[in-house]
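Contents: one structure, followed by commentary.
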Amino acid sequence: MNSVIPDFTKSRFEPIGKVLPFSFINQNGETITEKDVEGKVFVTEFFFTSCKSICPRMNNNMREVHEKFKGEKDFLILSHTCDPETDSPAILKRYSDSLGVSTQQWIFLTGRKDSLYNMARKSYKIDDPNNNVKNIEEDFLHSQFFALVDKKGRVKKIYDGIKMSEVSDMMIEIKFLLKEKR
């Protein structure tokens, strides 16, 4: 019997998107761009600090991811706010402190609303790009999805961040992606 052994050092998924250039401000007031995540595997999400529905569940699950890959030099988490009017760098700092996580590895980002929403829709593919409304002030993005990005800046897969079974699957895929060469 001839059995084929799968190659566990390669991702199982074809890319669905590419990280576009960006410039946002982190919880410490520092500018973070696509150059800062170059060569890293990362998970990204969009949330807001005052959310009382899905965001706390998402970030509890994301904390599991953070704990599993804490100290892994080639891994990051990027949490973008959906509510930049409220979520200033100081508010994001207070929020990250309340989670008790390493902000060297789990980065909280804010910026211009249109830039944030464009990243979610066009780069990370976690919301339909056709959801853009003509007036950005009337637009609001609220998504439970996590995007997984490989070392080459390719979006590999979208996971439901409130389903721990999908988050567990994502953590398995992160292991594959960390083994891949740049």
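The values are calculated or read from the model by the stated rules, or taken from the named source; none is laboratory data. As the structure is a computational prediction, the values presented were derived from the model and not from experiment. Here Cβ is always computed from backbone atoms with ideal geometry, including for glycine, and neighbour counts include all displayed protein chains.
For this structure, a couple of remarks:
- Among the residues of segment 77-114, just one is under 13 Å from the mean Cα position of the chain (by Cα) and surrounded by fewer than 21 Cβ atoms within 10 Å (Cβ to Cβ), namely GLN105.
- Scan segment 134-157 for residues that are modelled with pLDDT of 90 or more and out of contact with any strand residue (DSSP E or B) (no Cβ under 8 Å at 6 or more places or on another chain) and the total you get is 1.
- Condition broken by TYR117, with the remaining ones in (1) at pLDDT below 95; (2) touching a strand residue (DSSP E or B) at 6+ places or on another chain (Cβ under 8 Å); (3) among the aromatic types (Phe, Trp, Tyr); (4) not in a strand (DSSP E or B) satisfied: (2)
- Applying the set (1) under 21 Å from PHE22 (Cα atoms); (2) touching a residue at least 40 places away in the same chain (Cβ under 8 Å) to GLN104 leaves exactly one unmet item: (2).
- Residues in segment 151-182 that are under 18 Å from VAL37 (Cα atoms) and among the basic types (Lys, Arg): LYS151, LYS152, ARG154, LYS156, LYS157, LYS175, LYS179, LYS181, ARG182.
- Every pair of residues 6+ apart whose Cβ atoms lie under 8 Å, when the first sits in segment 16-30 and is among the charged types (D, E, K, R) while the second is buried (at least 18 other Cβ atoms within 10 Å of the Cβ) and assigned to a strand (DSSP E or B): LYS18/VAL155
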